[in-house]
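Notes follow once the structure below has been shown.
The values are calculated or read from the model by the stated rules, or taken from the named source; none is laboratory data. Computed from a predicted structure; not experimentally measured. Positions of Cβ are backbone-derived with ideal geometry, glycine not excepted, and every protein chain shown enters the neighbour counts. Keep in mind that these areas ignore ligands, DNA and RNA; they rest on the heavy atoms of the full protein, side chains included. Shrake-Rupley method; radii C 1.70, N 1.55, O 1.52, S 1.80 Å.
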Amino acid sequence: MQDSKELWQSKLFFSTELLQWYERSKRDLPWRRHRDPYYIWISEIMLQQTRVDTVIPYFQRFIERFPTIQDLAEAPEEDVLKCWEGLGYYSRARNLQAAARQVVERHGGAVPDNKAEVAALKGVGPYTTGAIMSIAFNRPEPAVDGNVMRVLSRYFLIEEDIMKTATRTLMEELATELIPEGRASDFNQALMELGALVCTPKSPQCLICPVMARCAGRLEGAEERLPVKSKAKPPRPEYRLVALVEGDGENAGRVLVRRRPDTGLLARMWELPHIPADAAPGEGAGLPDGPAMDRLTAALVEAGPGVMARPVGPFLNAEHTFSHIHWNLRVFRFSAENAPAAKGGGAVLAAVAESAAAYDAGSGAASTSAAEPLVEYRWITREDMDSLAFPNVFLRILNRHFEEA
DNA sequence: AACTCGGGGGA
DNA sequence: TCCCCAGAGTT
């Protein structure tokens, strides 16, 4: 029998010591200052794949801008995205707002104290369901994130690959057993706090760990190699040519940007126009980038907004790594000449319908108007950046440009 | 089960 | 600079 008396004692020891440690060691975090389920929810979504120190300023700004679920539900999506700018995984923000609307419509604007209903909210998966139910409502549900799997795999010497679904299920069962009666909120937070502060991925601080005495991983000397985790694939490289086009005439001092499509990578975020490049940048030092500039020039006219632009020269190179893609960006400066339809600041310049034909041919399911723009172009000033959401890589390029200008 | 989806921090 | 971190949705 696996579940010997010794194992039972180890579990009791773990829960008891951990809870006591948490009482004296817990950090004073903004979302721990109240029990509002809305704030717990926001913080848990932001904390997915994101460190506490990064989240804090975003959380403060977010609840200031959207103090209630109602406020969030009624806000323009642009505002929500702007508030999320720089945090990454922007579908979290879009799903969060969609879920806020769900809560307003189905639950009268209050987060439901019901597991199935919480789990049904957009962007709320198994972990966040458990986190909300336990932290906000003190329900005995497991909240198994990376921290928890690391702590449990070490303490109980679990060698299963934590990337596998079956392992997470096992961890959830174990974590549920460990919750002391009536203490789900504190215990689950304690578990994650230990993973964040003591039982860290590298160089865990075993000597100050409250449960070191019975940690099977530590006693085996295995704490550094746990948890067992299969490696992720390296990101595939992608090479893009980017145009930084400065306007002329009425658009003097403005830069041409576009909004990304509704789905996929960086959906609905703004960016500089760019096109794919075949291969790595020619490393020939000092060679003019004539061919690349020519292709960009043509793209701005043909596929893009019909902008006639004169190449000025290379501006800078930039790199950006996503989980699965590594972007190599070569940014070139252009000067617009006689930009068409330049009717003044911020006007929509043109729409690209490059894939409209293929779409229509495919299904004929033209649910939206045929004139619906797939990509929207605008001439923007630095001030316009205060209301448009850009991914960090383009934020850096644009800031550099406006600093020099 | 495999793939998609950002960005930051530490060695 | 390189390496590591990892929840939810989609297919």
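Things to note:
- Set A:K122/A:K202; A:K11/A:K164; A:K26/A:K202; A:K11/A:K122; A:K164/A:K202 screened for pairs whose C-alpha atoms are more than 26 Å apart: A:K122/A:K202; A:K11/A:K122
- Counting only alpha carbon atoms, the long axis of helix A:184-197 and the longest principal axis of chain A meet at about 70°.
- Ordering A:M212, A:M149 by accessible surface, largest first, gives A:M212, A:M149; the 1.4 Å probe counts only protein heavy atoms, with every chain in place.
- Percent RCO, i.e. relative contact order, over segment A:64-166, from Cα pairs under 8 Å lying at least 6 residues apart: 17
- Against the main long axis of the alpha-carbon atoms of chain A, helix A:91-107 sits at an angle near 70°.
- As a fraction of the 1.4 Å probe accessible area of chain A, surface on carbon and sulfur atoms comes out at 51 percent.
- Computed with a 1.4 Å probe over protein heavy atoms only, the accessible surface of segment A:5-220 comes to 46 Å² per residue.
- Each of A:E159 and A:K231 was given a label point 7 Å from its Cα along the Cα-to-Cβ line. The distance between the two points is 2.0 nm.
- Sorting A:T321, A:T176 by solvent-accessible area of protein heavy atoms yields A:T321, A:T176, largest first, with a 1.4 Å probe.
- A:F315 long-range amide H proximity, modeled H, under 5 Å: A:V331, A:F332, A:R333
- Residue-level accessible surface for A:V104, protein heavy atoms, 1.4 Å, Å²: 40
- Solvent accessible area, Å² - A:T54, 1.4 Å probe, full protein context: 60
- Ranking A:R94, A:R259 from most to least accessible surface, computed with a 1.4 Å probe over the protein chains only, gives A:R259, A:R94.
- Taking other residues whose beta carbon is less than 13 angstrom from the beta carbon of A:I63, and scoring Lys, Arg as +1 and Asp, Glu as -1, yields 0.
- Secondary-structure-derived ellipticity at 222 nm for chain A, considering helices only, amounts to -12500 deg cm²/dmol, per-run term -39500 (n - 2.57) for DSSP H runs with n ≥ 4.
- Within segment A:79-94: backbone nitrogen closer than 11 Å to the A:K122 label point (7 Å, Cα to C-beta): A:91-94
- Annotation: amide H-H contacts under 5 Å for A:E376 (H modelled 1.01 Å from N, sequence separation of 5 or more, or interchain): A:R259.
- Taking Lys and Arg as +1 and Asp and Glu as -1, the other residues whose beta-carbon sits under 15 Å from that of A:C206 total +2.
- Residue-level accessible surface for A:F334, protein heavy atoms, 1.4 Å, Å²: 0
- Between A:V80, A:G109, A:W41, the Cα set farthest toward the positive side of the dipole of chain A (charges on each charged residue's Cβ, about the Cα centre) is that of A:W41.
- Straight Cα distances below 13 angstrom link A:K231 to the aspartates and glutamates A:D161, with same-chain residues fewer than 8 positions distant left out.
- Segment A:204-272: relative contact order as a whole-number percent, Cα under 8 Å and 6+ apart: 16
- With bins 5 Å wide beginning at 0, the percent of Cα pairs of segment A:5-220 falling in each bin runs 1, 7, 15, 19, 19, 15, 11, 7, 4, 2, 0, 0.
- Note: relative contact order over chain A, using C-alpha pairs below 8 Å and six or more positions apart, is 15 percent.
- Residue-by-residue Karplus 3J(HN,Hα) for segment A:112-126, coefficients 6.51, -1.76, 1.60, Hz, glycine and proline x: x, 8, 7, 4, 5, 6, 5, 5, 7, 6, 4, x, 9, x, x
- Residue-count net charge about A:Q48 - beta-carbon cut-off 10 Å; Lys, Arg +1, Asp, Glu -1: -1
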